[in-house]
1. Go through region 13-23 residue by residue and tally those that are over 15 Å from L67 (Cβ atoms) and in contact with a helix residue (DSSP H, G or I) (Cβ under 8 Å, 6 or more places away or on another chain).
2. Across region 51-73, what is the total count of residues that are aliphatic (A, V, I, L, M) and under 13 Å from the mean Cα position of the chain (by Cα)?
3. I need the full set of residues from region 1-26 which are assigned to a helix (DSSP H, G or I), over 10 Å from the mean Cα position of the chain (by Cα) and not β-branched (V, I, T), in order please.
4. Can you name the residue in region 42-82 that is charged (D, E, K, R) and farther than 20 Å from F24 by Cβ and is also surrounded by the most Cβ atoms within 10 Å (Cβ to Cβ) among such residues?
5. Out of the residues in region 14-29 that are among the hydrophobic types (A, V, I, L, M, F, W, C) and in contact with a Leu (Cβ under 9 Å, 6 or more places away or on another chain), which is surrounded by the fewest Cβ atoms within 10 Å (Cβ to Cβ)?
Amino acid sequence: MIKVALAILMFICLLDMPYGYYQFVRFTALIGFGVLAFKSNQQKKQTQMIVYGALALLFQPFIKIALGRDLWNVVDVIVGLGLIITIFKKSEV
């Protein structure tokens, strides 16, 4: 459920949304990816834990990473598609 919600939020970022929405996505992504990293760690899936931890750091709202709108759109699509792919894989978190 977390992956579906995060994927939807990532794809909505492609639309022209108010700045507050992007701040909301950053906070939500930090929490969501943090939870996914924690669950992956409990299941001894170190690679997934590292990926989700890195995504939590990338999207965290405290020290913003300025990539520009176009590059952020690419990141949002890649992350959204990656989340959808992991939903359909057998080893789901």
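1. Here is the first cut: in region 13-23, the ones over 15 Å from L67 (Cβ atoms) are 15-21, 23.
With in contact with a helix residue (DSSP H, G or I) (Cβ under 8 Å, 6 or more places away or on another chain) added as a condition, the list becomes 21.
Number of matching residues: 1.
2. Initial filter on region 51-73 (aliphatic (A, V, I, L, M)): 51, 54-58, 63, 65-67, 71.
Next cut, under 13 Å from the mean Cα position of the chain (by Cα) only: 51, 54-58.
Looking only at that region, the number is 6.
3. Scanning region 1-26 gives F11, Y19, G20, Y21, Y22, Q23, F24.
4. Filtering region 42-82 for residues charged (D, E, K, R) gives 44-45, 64, 69-70, 76.
Narrowing the set further to residues that are farther than 20 Å from F24 by Cβ leaves 44-45, 70.
Details: K44: 8, K45: 16, D70: 8.
Across region 42-82, the extreme among qualifying residues is K45.
5. Going residue by residue through region 14-29, those that are among the hydrophobic types (A, V, I, L, M, F, W, C) are 14-15, 17, 24-25, 27, 29.
Narrowing the set further to residues that are in contact with a Leu (Cβ under 9 Å, 6 or more places away or on another chain) leaves 24-25, 29.
On the way: F24: 14, V25: 20, A29: 23.
Looking at residues that are among the hydrophobic types (A, V, I, L, M, F, W, C) and in contact with a Leu (Cβ under 9 Å, 6 or more places away or on another chain), I get F24.
Here, each number is a calculation from the coordinates, and none is a lab measurement. All values reported here derive from a predicted model rather than from experimental measurement. All Cβ positions, glycine included, derive from the backbone under ideal geometry; neighbour counts span all protein chains shown.
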